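The values are calculated or read from the model by the stated rules, or taken from the named source; none is laboratory data. Note that this is a predicted model, so its numbers are computed, not measured. With ideal geometry, Cβ positions are generated from the backbone for all residues, glycine too; neighbour counts draw on all protein chains shown. Just so you know, the surface numbers come from the protein's heavy atoms only, side chains and all, with ligands and any DNA or RNA stripped out. Shrake-Rupley method; radii C 1.70, N 1.55, O 1.52, S 1.80 Å.
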Amino acid sequence: MGIRWSRLTPQLALAPAVALTAIAFIGSIGWTILLSLTSSRRLPDYTIDWSDPLRQYRRLFADLGWNIALSNLIILAIGSALAIVFGFVLAAMIERERRGEDFFRTVFLYPLAISLIVTGVAWRWIFNPSLGIESFFHSLGMTWVSFNWLADGRTAMYAIILASVWQSSGFYMALMLAGLKAINVEIWSAARMDGVALWRVYLEIIIPMMKFTFLTCAILLSLGVIKAYDIIVAMTNGGPGQSTWLPAYFTIKAMSAKGNLAFASAAAAMMLAITVVVFLPLVLLTAWQQRARKGAAG
Amino acid sequence: MTETSSPPAGTVMFPRPKKRIRGRSIAILVFLTMAALFFCIPLYVLVTTSFKTMDQIREGAIFSLPEVWTFEAWRYAWDEACSGITCEGLKRGFVNSLEILFPSLIASIAISAVTGYALALWSVRWAGGFLFLLFLCAFVPFQIIMYPLIVITVNMGIYGSIWAVAFIHTVLAMPVLTLIFRNYYKDIPPDIIKAAVMDNGSFWRIFIEIILPMSGNILIVVLIMQITSIWNDYLIGVTFGGLGAQPMTVNLANMVTVTTGTVSYNVNMAAALQTAIPPLVIYFVLGKFFVEGIAAGAVKG
Amino acid sequence: MPRVSFEHIVKKFGEVMVLNSLNLAVDDGDFLVLLGPSGCGKTTLLNLLAGLSDVTSGRIMIGNRDVTELDPKDRRLAMVFQSYALYPTKTVRGNLRFGLSASKLPQEEIEKRIAWAADMLQIGPLMDRRPAQLSGGQRQRVAIGRALVKHADVLLFDEPLSNLDAKLRTEMRMEIKKLHEELNPTVVYVTHDQIEAMTMATRIAIMNGGKIEQFGTPDDVYERPANLFVAGFIGSPSMNLLPATVEPGGQARLADGSPLDMSAYAFGAVPPPGTALMAGLRPEHFALAGPAEAACRFTLKVRHIERTGSDVMLALAFGEATLTVRAAPADAGHLRTGDPVSVQFPKDRLNLFDAGSGRRI
Ligand SMILES: Nc1ncnc2c1ncn2[C@@H]1O[C@H](COP(=O)(O)OP(=O)(O)OP(=O)(O)O)[C@@H](O)[C@H]1O
Ligand SMILES: [Mg+2]
């Protein structure tokens, strides 16, 4: 029968994507994990010391910077979750009111179009102790107000959280708004007929109905938190000291420090591990939700 | 419990909707307006500061309008400001960003659209497995593949050039974009593709003549998504651009973090604005597609 | 010339057997209608012929070419889809032209064919519109035009008229029939609609559960259904099927005890006395009063009356079962529910089936 080009062409057309996936993703992940088991310093050295293959990981967890990065990751995740809450409140209000929807949506969403470097520059300026918002409050006579967050290791993370909430709330608002609009209007009528208070309708009916949207937001949020790097560079560059290090920042720093390839690879592998641990349950839960929803639909 | 008391039996009672709705509306609008003000603060501060003189900035009134509007900071940021060791302003970075943008856009959209088309409309036996793999790849943190990609680009002889940056943009965008295209194409009625297969049968011809003209919407959405994310990228640019092919964001970051001597905040703000303007223009002009792009990218990330 | 034949076709979707060793041959110029209940495999069979899916085993021949392994575009077929499947971004002309894009014809030949099809289907004024700017009927014409320009050996239709309203459907039905008579291509046509099947087909294949139940002319299928399934499937309202037992002397007895005269029936093989039968009586063959040459006659109570204007459908109580009888309004206009009515069935219109195997006797 010879070659059937009609069968072959689609597969040939897929070849670049398959090659990229195989090399740039799967192969590279394997490569990095392999490196993390060696003691490569400046150049890769692929001999694994089988007596102690997890040596780099032990070093990693003994490293103060990494531990700071991990706890900051949790702080940032919890703090950024505010963006989901805030996004939902904004979406609910916009959806309820309808007036000015386009205007408000445009205003809340524009930070997403801006580079995080720019975001960081702007917020660092606002937090400037002598010329920024602190001096504005002081000039109003409220001298007890302190916005010098970036200079203090204990508060610097909060400044970063504020900036990232500012940056991402609009995004969650847009997703929530889409979710809210997908809800059947008859639900509202039914709830009104039953005389249920509005906040209870939201809490007991609407939010459970939007489980899927919330899960999507949670996945995207954790993805953003694990990847957070640009904003750190632009706002604090890790400082003061190591107080705003995050795993992404730690790993890039270790990578570019040179001479510590295996160690940096171990950090990268841990980032992947965190992603897997966080995502697998969330993604599976989402897939399950989606299936349940499809099943219910028919 | 609720404060709404049940109406006495036999009387039909309607709440006075006018009054209640109006009160609530005002409260909501006030809240939304305050939130909007909060969202506008950074942009307002960026704009006003960039037009102020350093003398006025030193007075410390961050929210005041410029006493004298001056473009000096804008000019300086564009033309002369130092970033790292060079002092050519942002214009070099702007050109680099543009040079990175076009090949990245073309390559990433071309490869993802074709892959999505093949996976959605042609029966390839392993399509399901491959899609699942792409779905997983979309979540992989960049750091885990960073070092191998550096080695690969060095061996390709493109490391430190705009081609390396464009190549990495293409690789990293491929999984998500492919899923987006595939989801779009799979909603094309199967009869159309069947008819095309009977009429012509050529994979490429059908793609170019039938499918591509039907992809207008998704192409705009993806285009906007990609322009924004490529333009705003920092990490790939700084990692793969070397010294010669640094995009604007990298220049900006160097400018604001490595300044020695007195800090010219107005120049920093002008530089930040110059970096932000291209995506902002796209956002304000084509906002509708931007929102669609977000939803598309998120729902099937 | 293009005689289409399916030889021992098996098609499985995973474990599910959809077509089971199916054989079917259509002669050149035949208008074959595939008729059958939903899910019986009509579309599957058509897709196999078109090359849009692959046979699990078996062979498909067009003329003396084995097309089983050929690509769809190389089979010299054209297809009209239920959803029309017009390319939404192309004009009508572009749609027709794309149909010829693989054929490497010279440009003037392409233009000639497009003009010919436009003329034949009266879509000339629509040539520069897009599908979205056409009505359903116009889209249908374009879809047919796109198939015609190819001068294909075989034309395939998958329920092409089911998206049209009743009036348009009748018009298009006649038009397709006319096209067939003028151009005389081999046609394979899938439909749910019995009227379409009976009016257009030169051959009908009744399918059920992945098998061909009967293959023959429309008259064959209607007058001499090969088995109980076909008997029940063809005709609306459907044939009355009454159990009976064979008695000596060309007689049978129905369940209620009344005799059934089988003397005019063309038996393949005469069944021995005691055989369980099914007697098939078409509602439209009953007479309220008429010739004495009756196979059987009943006097039954009217359970229900339905008037369609041109006919009166009587549902008569036959024990627990219902006997459907079609009568002319002039004969049955006076009847009311509960009235007794005498009906008789002509000897020569009888259908008899073996109750066990379901086959025609
Ligand atoms: N891709 C498929 N995978 C699995 N089963 C399929 C597939 N396509 C069809 N089937 C099954 O094959 C059987 C025949 O389907 P087909 O579409 O041929 O029916 P049909 O006779 O055209 O019905 P209809 O009159 O409703 O169009 C059905 O039971 C259907 O469920
Ligand atoms: Mg069908």
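C:Phe6 passes every criterion in (1) within 28 Å of C:Gly235 (Cβ to Cβ); (2) within 16 Å of ligand 2 (Cβ to nearest atom); (3) open to solvent by less than 20 Å² (accessible area, probe 1.4 Å) apart from (2). If you go through the stretch A:259-287 and keep only what is small (Gly, Ala, Ser) and either part of a helix (DSSP H, G or I) or in contact with a Gly (Cβ under 8 Å, 6 or more places away or on another chain) (or both), you end up with A:Ala262, A:Ala264, A:Ser265, A:Ala266, A:Ala267, A:Ala268, A:Ala269, A:Ala273, A:Ala287.
Against the condition open to solvent by 60 Å² or more (accessible area, probe 1.4 Å), of a type in the set (Val, Ile, Thr) and either part of a strand (DSSP E or B) or under 19 Å from C:Asn227 (Cα atoms) (or both), how does C:Thr337 come out, does it pass? No: the conditions fail for C:Thr337.
Considering B:Ile211, B:Ile192, B:Ile188, the condition of being in a loop (DSSP other than H, G, I, E, B), modelled with pLDDT of 90 or more and within 14 Å of chain C (Cβ to nearest Cβ) is satisfied by B:Ile188 alone. Might you check whether a residue that is within 18 Å of B:Leu119 (Cα to Cα), of a type outside the set (D, E, K, R) and either more than 7 Å from every other protein chain (Cβ to nearest Cβ) or open to solvent by less than 70 Å² (accessible area, probe 1.4 Å) (or both) occurs anywhere in the stretch A:36-50? Among the residues of the stretch A:36-50, not one is within 18 Å of B:Leu119 (Cα to Cα), of a type outside the set (D, E, K, R) and either more than 7 Å from every other protein chain (Cβ to nearest Cβ) or open to solvent by less than 70 Å² (accessible area, probe 1.4 Å) (or both), which makes the answer no.
Applying the set (1) more than 14 Å from chain C (Cβ to nearest Cβ); (2) outside any loop (DSSP other than H, G, I, E, B); (3) more than 30 Å from B:Asp55 (Cα to Cα) to B:Gln246 leaves exactly one unmet item: (2).
Residues in the stretch C:208-216: is at least one within 16 Å of ligand 2 (Cβ to nearest atom), open to solvent by less than 40 Å² (accessible area, probe 1.4 Å) and in a helix (DSSP H, G or I)? No, the conditions are met nowhere in the stretch C:208-216. You will find that of B:Val140, B:Val171, the residue that is open to solvent by less than 10 Å² (accessible area, probe 1.4 Å), closer than 22 Å to B:Asn232 by Cα, free of Cβ contacts under 8 Å to residues at least 40 places away in the same chain and within 11 Å of chain A (Cβ to nearest Cβ) is B:Val171 and no other. Taking residues in the stretch C:151-164 that are free of Cβ contacts under 8 Å to residues at least 40 places away in the same chain and farther than 14 Å from C:Asn47 by Cβ, and partners anywhere that are within 13 Å of ligand 1 (Cβ to nearest atom) and assigned to a loop (DSSP other than H, G, I, E, B), the pairs with Cβ atoms closer than 9 Å and at least 6 places apart or on different chains are C:Leu161/C:Gln82; C:Leu161/C:Asp193.
Does at least one position in the stretch A:195-202 carry a residue that is over 28 Å from A:Gln167 (Cα atoms) and modelled with pLDDT of 80 or more? Scanning the stretch A:195-202 turns up at least one residue that is over 28 Å from A:Gln167 (Cα atoms) and modelled with pLDDT of 80 or more. Restricting the search to the stretch C:160-201, which residues are in a loop (DSSP other than H, G, I, E, B) and either within 16 Å of ligand 1 (Cβ to nearest atom) or open to solvent by 40 Å² or more (accessible area, probe 1.4 Å) (or both)? Result: C:Pro160, C:Leu161, C:Ser162, C:Asn163, C:Asp165, C:Asn184, C:His192, C:Asp193.
Looking only at the stretch C:90-105, decide whether some residue is touching a residue at least 60 places away in the same chain (Cβ under 8 Å) and surrounded by 18 or more Cβ atoms within 10 Å (Cβ to Cβ). Within the stretch C:90-105, not a single residue is touching a residue at least 60 places away in the same chain (Cβ under 8 Å) and surrounded by 18 or more Cβ atoms within 10 Å (Cβ to Cβ). For the stretch C:31-51, check the following and say yes or no: at least one residue is away from ligand 1 (no atom under 13 Å from the Cβ) and within 10 Å of chain B (Cβ to nearest Cβ). Yes - at least one qualifying residue is present in the stretch C:31-51. Scanning the stretch C:61-82 for residues that are over 24 Å from C:Leu183 (Cα atoms) and either within 16 Å of ligand 2 (Cβ to nearest atom) or among the β-branched types (Val, Ile, Thr) (or both) turns up just one, C:Thr68. Can you say whether A:Phe61 is within 13 Å of another protein chain (Cβ to nearest Cβ), more than 22 Å from the chain's Cα centre (by Cα) and surrounded by fewer than 23 Cβ atoms within 10 Å (Cβ to Cβ), as far as the supplied structure shows? For A:Phe61, the condition - within 13 Å of another protein chain (Cβ to nearest Cβ), more than 22 Å from the chain's Cα centre (by Cα) and surrounded by fewer than 23 Cβ atoms within 10 Å (Cβ to Cβ) - is not met. Pairing each residue of the stretch C:32-53 that is open to solvent by 10 Å² or more (accessible area, probe 1.4 Å) and in a loop (DSSP other than H, G, I, E, B) with any residue that is near ligand 1 (Cβ under 8 Å from one of its atoms) and among the hydroxyl-bearing types (Ser, Thr, Tyr), provided the two are 6+ apart or on different chains, yields C-beta distances under 8 Å for C:Ser53/C:Thr44.
Yes/no per residue for (1) at the interface with another protein chain (Cβ under 10 Å from one of its Cβ atoms); (2) outside any helix (DSSP H, G or I); (3) crowded, with 20+ Cβ neighbours inside 10 Å:
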site	(1), (2), (3)
A:Gly224	no, no, no
A:Ile232	no, no, yes
A:Gly239	no, yes, no
A:Trp245	no, yes, yes
A:Ile252	yes, no, yes
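Comparison of C:Ala252, C:Ala279, C:Ala244, C:Ala269 shows that the only residue that is at pLDDT below 85 and either surrounded by 14 or more Cβ atoms within 10 Å (Cβ to Cβ) or part of a loop (DSSP other than H, G, I, E, B) (or both) is C:Ala269. Taking the stretch C:54-81 as the search range and keeping residues that are facing another protein chain (nearest Cβ under 7 Å) and not in a strand (DSSP E or B), which one is nearest to the chain's Cα centre (by Cα)? Restricting to residues being facing another protein chain (nearest Cβ under 7 Å) and not in a strand (DSSP E or B), the top hit is C:Phe81. Per the conditions (1) more than 21 Å from C:Ala201 (Cβ to Cβ); (2) more than 12 Å from ligand 1 (Cβ to nearest atom); (3) modelled with pLDDT of 90 or more, the sole criterion not satisfied by C:Val18 is (2). Criterion first (away from ligand 1 (no atom under 16 Å from the Cβ), surrounded by fewer than 22 Cβ atoms within 10 Å (Cβ to Cβ) and without any contact (Cβ under 8 Å) to a residue 24 or more places away in the chain) does C:Glu111 satisfy it? Taking the combined requirement at face value, the residue satisfies it.
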